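Below is one structure, written out as structure tokens, with a few remarks after it.
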Amino acid sequence: MSRLALVLLLWTFAAAAQNFPARPVKIVVPSSPGGATDSFSRALGGRLAEIWGQPVVVENRPGANQIIGADYVSKSPPDGYTLLVSDASSFVMNPHLYKKLPYDGLRGFSPITVLVRFPWVIAVHPSIPANNFQEFVAYAKTRPGQLSYGSFGLGSSGHISVDYLKNLLGIDLLHVPYKGAGPAVTDLLGGQIQMMMVTPLLVEPHARAGKLKLIAAATPQRIERLPNLPTVAESAAPGYEAGTWFALVGPAGMPRPLVNGVYGDVMKVLNDSAFREKNVTAQWFEVVGNTPEEFAAFLTTEYERWDRLIKLSGVKVE
């Protein structure tokens, strides 16, 4: 490519970024409607539509552990009009779980920002005679294979995180996968399963009502809003942590000015106090908002971390 052609191309990219968006923008969510990813994406999209003066449409493309939606975005034009909001599975877990993934988890996307992260807690049914994590581990060791735990899908972060913990502590729990966290919590409340690692958003109100028991936080430090809940790390497994995050990306090849422009507008939303109160704090989330460059570096670190955790967990999906 000649220097003149390169200059013209860069000028075209810059002009496109300045005029973005000139038509509706699509945010793809690779999970079903009604979940945390979906609700947060709709809240974010609504505020971006106000800033951009263009509709922002959330399109759910669930299936195959988020692969269908992520693959669709990775193969879309890199013009900013098709974006993806997904948790860690699409980028740093599925590449280790599936030998024939149709997209590249690290190089198939243009990183924009990690939007939020959220903690997990371990909840058990009240019939379990354990009031803390140490007691639960001791109880489980006397009943190998007799207790079950729910996750929000085969090969999900919840599945891998609990199976890794099982191997660390030498306990045998039966895995029951569900199509989302909501149905799993319903069965936990009904006693069909005995334990689950999940966001406090879905279980903390039930714990306050005495319908479930929270026995540990799966975070590196205690959760600020649950200061009396010990962590797994301080209870039985030093260094253990689990949880996930939601990130915003576009297809690989988005021009840098366009990436930076979208990132700047997203930060306007994340920094708005009213948005935070309703869609972050109330949902037990924590804003991240790292730069595209920081997000790219974070993806590499997370890719290596989940490779190690998946191997240690022994989880296989194909």
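The values are calculated or read from the model by the stated rules, or taken from the named source; none is laboratory data. What you are looking at is a predicted structure, and each value in this text was computed from that prediction instead of being measured. Quick reminder, even Gly has a Cβ in these numbers, built from the backbone with ideal geometry, and neighbours come from all protein chains shown. Accessible surface is based on the protein model in full, side chains and every heavy atom, while ligands, DNA and RNA are left aside. Shrake-Rupley method; radii C 1.70, N 1.55, O 1.52, S 1.80 Å.
Taking the Cα centre of the chain as reference, the dipole from Cβ charges on Lys and Arg (+1) and Asp and Glu (-1) amounts to some 300 debye. In this structure the chain gives 45 Å² per residue of accessible area when probed at 1.4 Å with all protein chains present. One decimal place: the segment residue 186-residue 68 gains 39.8 nm when fully extended, by the rule 0.36 nm per residue minus the C-alpha distance.
Computed over the chain with a Gaussian network model linking Cα atoms closer than 10 Å, the most mobile of 108, 210, 243 is 210. Distance from the alpha carbon centroid of region 72-139 to that of region 149-186 works out to 13 angstrom. The Cβ shell under 13 Å around residue 225 holds other residues with a net charge of -1, Lys and Arg each +1, Asp and Glu each -1. Its relative contact order, with pairs defined as Cα atoms under 8 Å and 6+ residues apart, puts the chain at 26 percent. Set the bar at 19 Å for Cα to Cα. Now go through 100/316; 213/311; 141/211; 99/316; 75/268 and name every pair that lies beyond it. Table pairs above 19 Å Cα-Cα are 213/311; 141/211; 75/268. Counted residue by residue at 0.36 nm each, then reduced by the alpha carbon distance between them, the extension gain from residue 107 to residue 172 reaches 19.7 nm. Split the accessible area of the chain by element, probe 1.4 Å, and carbon with sulfur accounts for 55%.
What the Cβ-Cβ distance of residue 201 and residue 154 gives, at R0 = 30 Å and to the nearest 0.05, is a FRET efficiency of 0.85. Region 210-249 and region 269-317 have their alpha-carbon centroids 15 Å apart.
Label-to-label distance for residue 274 and residue 18 is 3.2 nm, based on points extended 7 Å past Cα in the beta-carbon direction. Amide H contacts of residue 113: 248, each under 5 Å away and 5 or more positions distant or on a separate chain (H built 1.01 Å from N in the peptide plane; Pro and chain starts excluded). A simple count of charges around residue 162, restricted to other residues whose Cβ falls under 14 Å of its Cβ and scoring Lys, Arg +1 and Asp, Glu -1, yields -2.
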